[in-house]
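The block underneath contains the structure these notes are about, expressed in structure tokens.
We did not get these values from a lab; they are worked out from the coordinates using the rules stated. Just so it is clear, the structure is predicted and the values come from calculations on it, not from any experiment. Cβ: placed from backbone, ideal geometry, glycine included. Neighbour counts: every protein chain shown.
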């Protein structure tokens, strides 16, 4: 009788656990589907403005062809066994991603003025799914910069790592970096709420983020105070991971796992914060 009672108890617990697990899986599936719908809607805008992809290619072209070529000849920056162009190419890719993502928030302000934000907020889509979907769409836009920088790097003789795992790693880091900075951009847009103020803040942020990182010179040659800034700069970890995966002979100073973990954790925090603040943009 005692064994039968235990069996009945276990069966009852199993019946309670299985529906809860099934409901959780369904909720996660719905969340992912809604997030991907927002991503697809945002990425579809590229078809209406393909010229943007061409204009975005100008900046990395100038950095690699002009700045990179000059400094690679002067050999003024110590990069160890890695040639300067090989050292610089991942940094310029990260910079291109930054410049795309950091101004992504201005589209949110436009959507508020057109009434799109109010319509999105009226849907049952979770606020964090709206933010994450938009962040991932910034990553899709940033993938075009991978093609541009890789083509330029090939023309300049950069030793690209064509290992499939490395290529997937580069794409993943680019999307993650774009998601982080676009989420940060959205939060700024929720605070300032005007295009003029947003553009001013965005322009002020881009150069300090770029130069206070390891994009174009190693952290070891920086003054002490700038090294501290570099270590708290998310762009540093994006560049570090890209340098390990993008070029032959490239290594990660912090470890690729640490780089990706820091970016992922920081992005999750910003997505949650952005989901909480997103309704404020409509006010």
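Take residue 167 and tell me if it is under 12 Å from the mean Cα position of the chain (by Cα), surrounded by fewer than 20 Cβ atoms within 10 Å (Cβ to Cβ) and within 19 Å of residue 149 (Cα to Cα). Before you say what the answer is, go through the steps one by one.
Values: under 12 Å from the mean Cα position of the chain (by Cα): no; surrounded by fewer than 20 Cβ atoms within 10 Å (Cβ to Cβ): yes; within 19 Å of residue 149 (Cα to Cα): yes.
Answer is no for this residue.
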inquiry  = Restricting to region 216-243, give me the number of residues that are under 18 Å from residue 169 (Cβ atoms) and in contact (Cβ under 8 Å) with a residue 60 or more places away in the chain.
reply    = 6
request  = Report yes if some residue within region 67-85 is under 18 Å from residue 207 (Cα atoms) and over 23 Å from the mean Cα position of the chain (by Cα); otherwise report no.
outcome  = yes
query = Do we have residue 151 as in contact (Cβ under 8 Å) with a residue 12 or more places away in the chain and out of contact with any strand residue (DSSP E or B) (no Cβ under 9 Å at 6 or more places or on another chain) here?
reply = no
task = Output the residues belonging to region 107-119 that are surrounded by fewer than 18 Cβ atoms within 10 Å (Cβ to Cβ) and under 23 Å from the mean Cα position of the chain (by Cα).
result = 110
query = Considering region 168-195 alone, what residues qualify as being in contact (Cβ under 8 Å) with a residue 12 or more places away in the chain and more than 14 Å from residue 134 (Cβ to Cβ)?
reply = 169, 170, 171, 172, 173, 174, 176, 177, 191, 193, 194, 195
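For region 232-240, check the following and say yes or no: at least one residue is surrounded by fewer than 17 Cβ atoms within 10 Å (Cβ to Cβ) and within 20 Å of residue 185 (Cα to Cα).
At the first step, the residues of region 232-240 found to be surrounded by fewer than 17 Cβ atoms within 10 Å (Cβ to Cβ) are 232.
Narrowing the set further to residues that are within 20 Å of residue 185 (Cα to Cα) leaves 232.
Yes: one or more hits.
If you scan region 210-231, which residues turn out to be surrounded by fewer than 22 Cβ atoms within 10 Å (Cβ to Cβ) and either within 17 Å of residue 167 (Cβ to Cβ) or within 16 Å of the chain's Cα centre (by Cα) (or both)?
Initially, region 210-231 is screened for residues surrounded by fewer than 22 Cβ atoms within 10 Å (Cβ to Cβ), giving 210-212, 216-231.
Residue satisfying the conditions is 210 alone.
Across region 198-251, what is the number of residues that are part of a helix (DSSP H, G or I) and in contact with a strand residue (DSSP E or B) (Cβ under 8 Å, 6 or more places away or on another chain)?
Going through region 198-251, the residues part of a helix (DSSP H, G or I) turn out to be 198-211, 219-221, 224-231, 234-246.
Subset that is in contact with a strand residue (DSSP E or B) (Cβ under 8 Å, 6 or more places away or on another chain): 246.
Selection size over region 198-251: 1.
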